[in-house]
Every structure is written in C-alpha cells, then in structure tokens.
Amino acid sequence: MNILIFLCGLGAVMYAIARHSISFRIAALVSAVFLLVFTFSGGFNFFFGVLVWGLFLLPTLLFAVPELRQNLLSNPLLHRIRAILPPMSETERDAIEAGTVWWEAELFRGAPDWNRLLQYKAPELSDEEQKFIDGPVDRLCAMIDDWDITHNRMDLPEEVWAFLKKHGFFGMIIPKKYGGLEFSALGHSAVVMKISGRSISAGVTVMVPNSLGPAELLLHYGTEAQKDYYLPRLADGREIPCFALTGPDAGSDAGAIPDTGVVCMGKYKGKQILGLKLNWEKRYITLGPVATVLGLAFKVYDPDGLIGDEVELGISCALIPAKTPGVVIGNRHFPMNAAFQNGPNSGKDVFIPMEYLIGGQDNIGNGWRMLMESLSAGRGISLPAVGVAAGKTSARTTGAYAHIRKQFNTSIGKFEGVEEALARIGGMTYMMDAGRLLTLSALDNGEKPSVVTAILKYHNTEQMRQVLNDAMDIHGGRGICMGPSNYIARAYQSIPVGITVEGANILTRSMIIFGQGAIRCHPYLVKEMEAAGDADETAGRHAFDQALLGHAKYFVTNLCRAFIYGISASHLAESPVSGRMAGYYQRLGQMSAVFAVTADLVLMILGGSFKRKEKLSGRFADALSFMFYASAVLKKFEDDGRPRTDLPLVEWSAKYCLYQIQIALDEILRNFPIKWLGVLVRIILFPLGQSLRLPNDSLGHRVAALLIKPGEARDRLTEGIFLSDDENDITGRLEDALHKVILAEPIERRLRSSHQQKSDLQDYQQWLEQLLEMELITENEIEILRAAKAATRKVIMVDDFTPEELGKTKRSNRTRSQKVA
Ligand SMILES: Cc1cc2nc3c(=O)[nH]c(=O)nc-3n(C[C@H](O)[C@H](O)[C@H](O)COP(=O)(O)OP(=O)(O)OC[C@H]3O[C@@H](n4cnc5c(N)ncnc54)[C@H](O)[C@@H]3O)c2cc1C
C-alpha cells in the first residue's frame, strides 16, 4: 500500500513536469514535502528511505547549488569534452549550418506543439500557377511521347524543346523582372510533378535549370551585372545551364573536388587581366551535353599571392560559356535508358576572367556554403515531386489495371495478395504527398529547413522505389514488356537516378539526416560545443554550466514525459483534436519523447565518436523521418477538411509511420552503446512493451478498394497528375476501360448468375447474338459488353516488334548465342 501511494505521488510529480504544469523548483519543493510526510509517517523502511532520499537529494542539490554543480559536474565534464571533441572541417561546418530549423526540431525535442503544426498555412497555387498547369503544362504532357523520346530519339523532340523555352519552363524560379515565371515552391513542385508523371526524361530536363544551378546561385549570390545578363537569357531558354560539381574522384565527398583554379594573369578580349586558370574533370552532369553555360565548382589557389596572403582560398563557383576555348563538353552518358541530357565535361588550362565567378572576386571561397544553402531548399522540391508523381501515377494506373485485369474470373485487385501491394501504393502515395505539401509550406514561408528537405529527398525517392516495385509486380508481364504502350517501365528504370543524385540515399540516411538534425535541432548541443570551444576560459565555463543546466532539465522533462506517456499507453499525451484521430497525435507525442531521451543518451555516451556510428544514425534518421511524415499525414487530413473518404489512407499511413518509428527505436535500444543501459532504458521508455502494429488486413483492404474504382478519394489522391480518358492515350485508355468495365459488370454478373457462360469454342459475337435471341440481353447491353471487351484488350495487350525493329545486331547475336547453346 505504502509503495502504491509513493508511486502515485512520484507519478503525479512526473506528470506535472512532463506537461510543464510546474517548474523544477516547485517540483522539488512538493517532492520534499511529500517525502518528509512519508518518512515521518513510517512509509519507508530504512534502506528504501536512504535510497529514495539519496536519489532525490543528489540531483536536487546539483540543480540548486551552482558551485557544487560546477565543481562536481560541469567543470570535469567540460574538461573531458574538450579532450574528445573532434575537429570540424570548414566544409562540414558549412554543410551543418546551412538552412534553417523548423517543425522537425519540435519532433526532435520531445514535445511537439500540435497547434503550431496545424497553424502552418497550407500552400496554395496562385491563379497564375493554376492556369499555367492547366494550360502549357497539360499541353506539354499531351505532346509527350515518352517511348519516342527514350527509344527512338534519345532526346526531347525539337518542338518540345521549343515549347519549353517559349513558355518559360526553364525560368520558374526566376523573378518576373528578369522575364521569369517567379513561381512559388508549390507551383514549381506541381509543374515538375505533372511532367514527371508523364515522362521522367522531360521532368528532369525541366527540373534541373530550376533547381540547384546557375539561376538559383545567381539569384542569391550573383552580381547585379551577372543577374541582368544571365537571368533573362536563362528564363527564355536562350541559355541552357548545367551545374558541374561531381567528378570521378569526388562523388558523395563533393567537398574533396580536385579541380583547380589558379589565380594568374591571362589574355581576355585582347587584354592581359587578372583571372583564373582552370583544370577540371567532371562527370554525370545533367544538361551538360547541350548546355550553353556551364556552372563549375573548383578550388581556388593563389600560389603567387596575387590577391592576398592565403594560398588555398577554397571552393568557388563560376559560370563559363560552354564555347570558351579549352572546354570539352558534348559527350553523353546513358543513365538507365532515360533520355535527359547528361554527360562528362573537362577543361585544361582554361583561362577565365574574375568576372565569371558567381558574385565576382569577392565570393572566392564561398562556393561550398553557397551550394549547401541552395541545396537545403532545392532538395525539398524537385526529387520529392518526382516521387509523388510516381506514386500518384502508380496509384491511378495500377488501381485501374488491377480492376480491369481479370484472372480466375476475378479482378486481380480483389486478391488479398495484390491488395497488400495496392495498399502500400495508396498509403505511401498519401504519405509522400503529405510530406511534400508540409515541406512546401515551409519553403513558401521563406524557411530553408535543411533536415526536412534531406528527409523528403530520401524518403520520397525510397517510397517511389517501393511503390514502383509494387506497381510493376501488379502489372506482371504488362509492366515488363517495353514499347509505346508501356507507361510504367521507364519510371521504374529511373528509380536509381533519384536515389543517387542530390545526396546519395545511403549517405543521406546514415550521415546527414540525424547528423545534421542532432546539431541543428538539439536545444543545447551546439551551446555546449561552442562553450567547450570558447577561448575565454571563464566565459566558456559559465556558458557550459548554464547549457548543462538547461540540458539536464530538458533531459529530465523528456524522461518524465516518455515514462508517463508510456505507462498510460499515450492516453496522457496531448492531442489538438478529439475523436478518432486523437490517438495518433498522442502516440506520436509519446514517440517524440522516447526519441528525445534515446537520442540524448546516445549522444552523451558516444560524444564525437557518434559520427562513425552510421547504423545508429540511420535508425535515428528513420525515427525522425517517420515522425515528420506521420505529422504531415495528420496535418494534410485537417487541411483537406477531414474528408471521411480519405480515412483509410490517413489511418494506413499514420499506423505505418508509427510502426516504423517503433522499429527504429527498438533497433537503437537493441544496439545501444551500453547494453545493460539499453535494457534499462527500454523498461522505462516502453513500460507496457511495444504495442504499435502495422495496418491490419481490413484497413489494407479498404485502401486497396479505394484505388480500384473511380471515386472521390482516388481523385484526391491522384490530383495534380496528367489525366486523360482518351482511349488512344497511353494512360487515358486505362481510365476509358475502367469506366466501360464497371458499366459492363452488372450485366456480366446477371449472366453468370443465370449460368450463361461462353464456352471456349464459341465466338464472343455469336454468343452475344444467341443471348439476344434468348432475350437474356438487350442490344444496348451488347454494346456495353463489346465496348468493355475491346477496351480491356487495349489495356492488357503489350507491344511486339520485328527482330529488325528491335536492333540491327539482334540477328547475328541470336545466331551466336544459339550456337553456344
Ligand atoms: C543521372 C545523374 C545525374 C547527375 N547530375 C549531376 C549534376 O547535374 N551535377 C553534378 O554535379 N552531379 C550530378 N550527379 C552526380 C551525383 O550527385 C553523384 O552521383 C552523387 O553525389 C553520388 O556520387 P557517386 O555516384 O560518385 O557515388 P559514390 O560517392 O561513390 O557513393 C557510392 C555509394 O556509397 C555511399 N556512400 C558514400 N559515402 C558514404 C558515407 N560516408 N556513408 C555512407 N554511405 C556513403 C553512397 O550513398 C552511395 O550509395 C548526377 C548523377 C547521376 C547518376
């Protein structure tokens, strides 16, 4: 009984701390009174009493008496941290400091303010953007024949290039005063999404000039003269840009580029002027082969001291006309059968004047920071939009196909095995879109949330991979056999491109998301590191002590929160809404608190060596990312006006995310740096065990059912992609067939129930006429059945080719392989 009263008292204090209902001072006072009463009323036996008082007094005294704390705790700790703090390179620092901190920090810190989330303004397209999307973008999509582009031409047709230039597709991020479209991040994303759903090759061609590259860099760092010259020419497509950072020796480790620019005098327009002699070798550069202006990153050296005392001046960026003597450019790579232009380029002893440097000579050495800052926003727009495009297109086409395609006399979408894959397509598409929209709302409000954009880049391309895999499986041979009527295989082939560019995914997950997140989002880590690095000993000690005090309160609050939420199965956590959705907010709040405690402990234990613990970092990245997606899903549902028909999608996605968070945290605890502590922490943080589960079969069934027939939720899920119900269009024929098949189904059901089935030997037409004669069917119904059958055939058939059509060398190859066999 005594123990029970004691635990209730302890729980009440923990709850009050967790919910910020009382300060630490009051909590200590209340606890002291409670313990005194308990002690004097004989509530403790001796040993238990000593233990409890010890556990209470030690931290309380450390909190309350600064001298004691400094001598016993903060000074020795500071000494240790100074000894082990790893040095941070300038490129690392620039990468970490780029961008801003946003909603992810709330999730990181264990107490997300749900009202703040719900108050973020949902992004909206302007009238002008909407008109552009319904006009030129739709017309472009109708013009695109991806098979022709990727198989016959290996390029966009001339008329498509001309259309893109004429309508300003390459100038979406350029302000109107320079002739650009000046679209919002949402507008930009919506255009890329619609085009990419139709053709990845066209999507990438439009995406690149609008993402990290010359226009973006000029806008933020260019001189006025550079902006006035280049931006109008980039906006109307007179200049085609590319940006070259990657080379054979520097891929993911782009800060290690060996390309050089040596400050020297050289001849330019007949005069001797100060400039740079460049040597470089780059590869994988998108639009490079057709670029007229090459954005180049290289390291500047000044060995002769022509502009100062320093020899190594750091990474810098320049814009170089592709026709400059010595520039070797034009050859193409062949990336996964995609036809966007991509290739290597190099230069040997190419002299450029200082005015080619973006931002001029003053900007020498700022290149890496410029690139990291631009990437911190850009990464959240283009590739995530491509992921959503793949999801929406897969949901629309695969759902329709799974209805139209029948095996064992049943639509394949009704088989439970196929339902599982369909549910993943639906749920993940909803998640990707929710993540995209939440991120765009930040970008359109001027934020550059670098951790969020890295999360989006990684997960929207990974989920694209999953969704396209599922879509391919459901299409069977129809997805595999390529040709003009295959609408899915080219997107499937392009998956690795999205995975690899703008920060390859393994690296993004295992180094960037949590590595940067920990430093940017943790409220005290940076303060402690700065204090440890402070040259002024007294100021450093004081700052460190204060940061440590704040850190300790932060940790204890999160610990109380995680335990109280855990023991109450999250019922004591906050939710901004009531009813069915409340539980998801509460669970997410619990996970956020568990995350904060676990992250804090691991960072405290490992310190600087955490940098090398990529597996742990990757799991923290997963937990943080899925918290972000879960919150995005809940917000999207509210922003959309809580449509009931979307509930299966919302609940599937929320449950999926919560389960992934639990798995990631579980794996962290299983691989905790100190094993016994991992066990103890698990008991405290998950006192009722791990009860979150994947979406169950019935929920999966409801998601799949939404995809395989026309409806409001299906339309909302796939909003923003190019749709057609023209039976001659590559995907329009699916919509056309879906409607016709659904119209025919009641007639087919009626015939089946009256045991009227066509034998294999009977001709379909004759069978229908026979039914007509027997007055089992009307003329009109015959038309409906015939139309459904014809439309179905159009959907299920694949292309075939003569051997000659498939390639010149096929015949001789075949003879050789036949001989070998
Ligand atoms: C189609 C295409 C278009 C591109 N367009 C451009 C462009 O326009 N401009 C440009 O400059 N570049 C471009 N790139 C280059 C792209 O950014 C690089 O390919 C990318 O940075 C990865 O470099 P890499 O291919 O050399 O792989 P590597 O760096 O060799 O990496 C190989 C693998 O190792 C992993 N890895 C590397 N380091 C770590 C680490 N520390 N921890 C964990 N994993 C790690 C990576 O995640 C990856 O999975 C393009 C690439 C492609 C394929």
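The modelled label-to-label distance for the pair residue 97/residue 569, using points 7 Å beyond Cα in the direction of Cβ, is 5.0 nm. From the largest down, segment 586-688 spans 47, 30, 15 angstrom on the principal axes of its Cα atoms. The slack between residue 666 and residue 348, meaning 0.36 nm per residue of separation minus the straight C-alpha distance, is 109.1 nm. Across segment 718-792, Cα-Cα pairs farther apart than 17 Å form 50% of the total. For segment 100-167, the list of GluC sites (Glu not before Pro) that fall in a loop by DSSP and count at most 16 other C-beta atoms within 10 angstrom reads 124.
Comparing 475, 204, 57 along the charge dipole axis of the chain, the residue lying farthest to the positive side is 57, per the Cβ-charge model. In whole percents, the pair-distance distribution calculated for segment 591-643 from its alpha-carbon pairs, binned every 10 Å from zero, is 22, 40, 21, 12, 4. What fraction, in whole percent, of alpha-carbon pairs in segment 324-441 exceed 17 Å separation? Roughly 75 percent, once rounded to a whole number.
Coupling constants for segment 348-359 follow from the phi torsions by the Karplus curve (6.51 cos²θ - 1.76 cosθ + 1.60, θ = phi - 60°), and in residue order they are 10, 6, 7, 8, 10, x, 4, 5, 6, 5, 5, x Hz; glycine and proline get x.
Determine the shape class of segment 296-379: with a ≥ b ≥ c the square roots of the Cα gyration tensor eigenvalues, call it rounded for a/c under 1.5, and otherwise prolate if a/b is greater than b/c, oblate otherwise.
Oblate shape, in that a/c is at least 1.5 and b/c is the bigger or equal ratio.
Dipole of segment 488-551 computed with +1 at Lys/Arg Cβ and -1 at Asp/Glu Cβ about the Cα centre; of 489, 514, 529, farthest Cα towards the positive end is 489.
For residue 267, the aspartates and glutamates whose Cα comes closer than 15 Å to its Cα, not counting residues fewer than 8 places off in the same chain, are 349, 355. Counting only protein chain heavy atoms and rolling a 1.4 Å probe, the accessible areas of 698, 74 rank, largest first, as 698, 74. Taking amide H positions as modeled 1.01 Å from N, with prolines and chain starts lacking one, no residue 5 or more places away or on another chain lies under 5 Å from residue 522. If the segment from residue 7 to residue 605 were pulled out straight at 0.36 nm per residue, it would be longer than the present Cα-Cα gap by 212.4 nm.
When the surface is traced with a 1.4 Å probe over the full set of protein chains, residue 652 keeps roughly 20 Å² accessible. Each of residue 805 and residue 767 was given a label point 7 Å from its Cα along the Cα-to-Cβ line. The distance between the two points is 2.9 nm. Taking every protein chain into account, the 1.4 Å probe leaves residue 701 with about 90 Å² of accessible area, to the nearest ten.
For the set 714, 238, 490, 405, solvent exposure ranked by accessible area (probe 1.4 Å, protein chains only) runs largest to smallest as 238, 405, 490, 714.
The simple Förster model, with R0 at 22 Å and r as the Cβ-Cβ distance, assigns residue 267 and residue 238 a FRET efficiency of 0.25. Shown for segment 638-708 is the translational diffusion coefficient from the Stokes-Einstein equation, using the Kirkwood radius over Cα pairs, a temperature of 4 °C and a viscosity of 1.567 mPa s: 91 µm²/s.
Could you provide, to the nearest whole Å², the per residue accessible area of the chain with probe 1.4 Å?
44 Å²
Using θ = phi - 60° in the Karplus curve 6.51 cos²θ - 1.76 cosθ + 1.60, the 3J(HN,Hα) couplings for segment 735-750 round to 4, 4, 5, 4, 5, 5, 5, 5, 5, 7, 4, x, 5, 4, 4, 5 Hz; x is entered for Gly and Pro.
Dividing the radius of gyration of the alpha carbons in segment 504-605 by their Kirkwood radius gives 1.09 for Rg/Rh. Taking the Cβ-Cβ separation of residue 337 and residue 679 as r and a Förster radius of 45 Å, what is the calculated FRET efficiency to the nearest 0.05? Calculated value: 0.35.
Which of 166/794; 165/282; 299/457; 457/611; 414/636; 227/282 have a Cα-Cα distance over 30 Å? From the list (166/794; 165/282; 299/457; 457/611; 414/636; 227/282), the Cα-Cα distance tops 30 Å for 166/794. Is the shape of segment 665-821 best called rounded, prolate or oblate, per the rule: a/c under 1.5 gives rounded, else a/b larger than b/c gives prolate, else oblate, with a ≥ b ≥ c the square roots of the Cα gyration tensor eigenvalues? Oblate. Heavy-atom accessible area for residue 563, with the other protein chains in place and a 1.4 Å probe, reaches approximately 60 Å². First select every other residue whose beta carbon is under 10 angstrom from the beta carbon of residue 373; then total the charges, Lys and Arg +1, Asp and Glu -1. Here the count lands on -1.
Calculate the translational D of segment 288-339 in whole µm² s⁻¹ from Stokes-Einstein, where the hydrodynamic radius comes from the Kirkwood formula applied to all Cα pairs, the temperature is 4 °C and the viscosity 1.567 mPa s. Here the translational diffusion coefficient equals 95 µm²/s. Assuming charge only on the beta carbon of Lys and Arg (+1) and of Asp and Glu (-1), the dipole of the chain about its Cα centre is about 1600 debye to the nearest 20. Here the accessible area is traced with a 1.4 Å probe on the protein chains. For segment 273-429, carbon and sulfur cover 49 percent of it. Percent of C-alpha pairs per 20 Å bin in the chain, short distances first: 14, 40, 32, 12, 2, 0. Note on exposure: 731, 778, 429 ranked by accessible area (1.4 Å probe, complete protein assembly) read 778, 731, 429, with the most exposed listed first. Summarised as an ellipsoid, segment 401-517 has semi-axes of 33, 16, 12 Å, derived from the eigenvalues of the Cα gyration tensor scaled by 5 and square-rooted, with the largest first.
Measuring spread by the Cα atoms of segment 1-140 yields a radius of gyration and Dmax of 26.3, 84 Å.
The values are calculated or read from the model by the stated rules, or taken from the named source; none is laboratory data. Given the structure is predicted, the values throughout are model-derived calculations rather than measurements. Virtual Cβ from ideal backbone geometry, glycine too; neighbours counted across all protein chains shown. Protein only, heavy atoms only, side chains kept; ligands, DNA and RNA dropped before computing areas. Shrake-Rupley method; radii C 1.70, N 1.55, O 1.52, S 1.80 Å.
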